1. Is it the case, given these coordinates, that Val82 is at pLDDT 95 or above, in a strand (DSSP E or B) and either more than 18 Å from the chain's Cα centre (by Cα) or surrounded by 18 or more Cβ atoms within 10 Å (Cβ to Cβ) (or both)?
2. Could you grab me the full set of residues in region 147-192 that are among the aromatic types (Phe, Trp, Tyr) and either at positive phi or outside any loop (DSSP other than H, G, I, E, B) (or both)?
3. Is one or more of the residues making up region 8-29 away from the ligand (no atom under 16 Å from the Cβ), more than 20 Å from Cys81 (Cβ to Cβ) and touching a residue at least 60 places away in the same chain (Cβ under 8 Å)?
4. For Thr175, work out the one condition from (1) in contact (Cβ under 8 Å) with a residue 12 or more places away in the chain; (2) over 16 Å from Gln83 (Cα atoms); (3) surrounded by fewer than 16 Cβ atoms within 10 Å (Cβ to Cβ); (4) hydroxyl-bearing (Ser, Thr, Tyr) it doesn't fulfil.
5. Which of the residues spanning region 45-54 are closer than 19 Å to His15 by Cβ and loosely packed, with under 13 Cβ neighbours inside 10 Å?
6. Please state which of the following conditions Leu88 fails to meet, knowing it meets all the rest: (1) modelled with pLDDT under 95; (2) within 16 Å of the ligand (Cβ to nearest atom).
7. Could you check, for region 65-73, whether at least one of its residues is modelled with pLDDT under 95 and either surrounded by 15 or more Cβ atoms within 10 Å (Cβ to Cβ) or assigned to a helix (DSSP H, G or I) (or both)?
8. Is there any pair with a first residue in region 133-156 that is not assigned by TED's automatic domain parsing to the domain that holds Arg41 and within 11 Å of the ligand (Cβ to nearest atom) and a second that is among the charged types (D, E, K, R) and part of a helix (DSSP H, G or I) whose Cβ atoms are under 8 Å apart and which are 6 or more apart or on different chains, and what are they?
Amino acid sequence: MSRISFDADDVLLDHTEKFILWHNRVHGKRRNSFLRYEQFRYYDLSQVLRISPDEAWGRLTRFYESEEFAAISPRSGSQECVQRISSLGDHVVILTGRPTALREMTKACMRKYFPDIGQVLFAGELLPGPEKLKGLICKKRGIDLHIEDSLEQALDCSYYTGVALLNRPWNKSSTIQLPKNITRVDSWEEVYTLASKY
Ligand SMILES: [Mg+2]
């Protein structure tokens, strides 16, 4: 039996799509401020929006309080993929960098859409400092494969575990040579095929 962990936002859930809906409703009225998915060529929101990191964090926290965030939902095919992987007999958990203030809401969302998931792990809670890199948690929890959309997180996790990096606009432009245990994937079928090898 393997231990497989999934990132939540932009892996299982349509975080960026909902952020764009919220942002365009609240901030999209001025010229040139209407956001499109393709503009998310950076993981760092302040780079995407060309605003300061403090301002970007402010917008993210306001998004967390919005109706759009409350309506966050599974990305197409993610529920079936989690269900198929857990039916292999694997232990499936969530490993998220979300603030722990969102714990109850996140757990409720996971129970609703992903009933096969055993646990929701919050990186910010399990690590000593403000650092939210997930690699050490993968090591401590004996994770065999982690599914992620952040290149930085994927690289950190790859020191300890196999990683499936889902292709997204914000991780594609990198010229970094990926280590062998990071596999770029485009589809849930590829995630499932990789997971079944662990
Ligand atoms: Mg993510």
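1. For Val82, the condition - at pLDDT 95 or above, in a strand (DSSP E or B) and either more than 18 Å from the chain's Cα centre (by Cα) or surrounded by 18 or more Cβ atoms within 10 Å (Cβ to Cβ) (or both) - is not met.
2. The answer is Trp170, Trp188, Tyr192.
3. Looking through region 8-29, none of the residues is away from the ligand (no atom under 16 Å from the Cβ), more than 20 Å from Cys81 (Cβ to Cβ) and touching a residue at least 60 places away in the same chain (Cβ under 8 Å).
4. Here Thr175 meets the rest and fails (1).
5. Pro53
6. Exception for Leu88: condition (2).
7. no
8. Within 8 Å, the pairs are Lys134/Asp156.
The values are calculated or read from the model by the stated rules, or taken from the named source; none is laboratory data. From a predicted model like this one, the values you see are computed outputs, not experimental measurements. So basically every Cβ, Gly included, is an ideal-geometry build from the backbone, and we count neighbours across all protein chains shown.
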